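Taking it in order: structure first as structure tokens, then the write-up.
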Amino acid sequence: MRTAHALHHFFHWAIVLLIALAYLAIEIRGPKGSDSRVFLSNVHFLAGNLVLALAVLRLLWRLWAGALDEIDSNRVLAFLARAAHLAPTFSSSRNPFSAF
């Protein structure tokens, strides 16, 4: 695997894991005023800031190294991949465009 592939994959999966952590932290944060709520809210904010930083680094890397070649796959897999990448955008009941 080329270094470019490894860095693209690292940025992608690190961002996925941080988004999952931020979502989990805000969902289980606990009652108002509790120490767990303060801690998990801080975890949520930290994960969000790391997502932003990694997204900027990923964008800069892609501008410098270029996009990866598309993998030949069938139309069903391409549709499922796009749907999976759009799912977080529409998963929020409060604001469907909060991912932007």
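Since every read-out is calculated from the coordinates, none of them should be taken as a lab result. For clarity, every value in this text was computed on a predicted model and none was experimentally measured. For neighbour counting, all protein chains shown are included, and Cβ atoms are generated from backbone atoms with ideal geometry for every residue, glycine included.
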### Efficiency of FRET between Ser34 and Ala81 - r from beta-carbon atoms, R0 35 angstrom, step 0.05
0.30
### Query
Put a dot 7 Å past each Cα toward the Cβ at Ala65 and Leu52; how far apart are the dots in nm?
2.5 nm
### Query
What is the spin-label model distance, in nm, from Trp13 to Asn74 if the labels are put 7 Å beyond Cα along the C-beta direction?
2.6 nm
### Message
Output wanted: per-residue J couplings in Hz (rounded whole) for region 39-51, from phi through Karplus 6.51 cos²θ - 1.76 cosθ + 1.60, θ = phi - 60°, x for Gly and Pro.
### Response
4, 5, 5, 5, 4, 4, 5, 5, 4, x, 5, 5, 4
### Message
In whole Hz and in residue order, list the ³J(HN,Hα) couplings for region 20-31 that follow from phi through the Karplus curve 6.51 cos²θ - 1.76 cosθ + 1.60, θ = phi - 60°; x for Gly and Pro.
### Response
4, 5, 4, 5, 4, 4, 6, 7, 10, 5, x, x
#### Entry: Local electrostatic count, Ala47, Cβ distance below 13 Å [Lys/Arg +1, Asp/Glu -1]
0
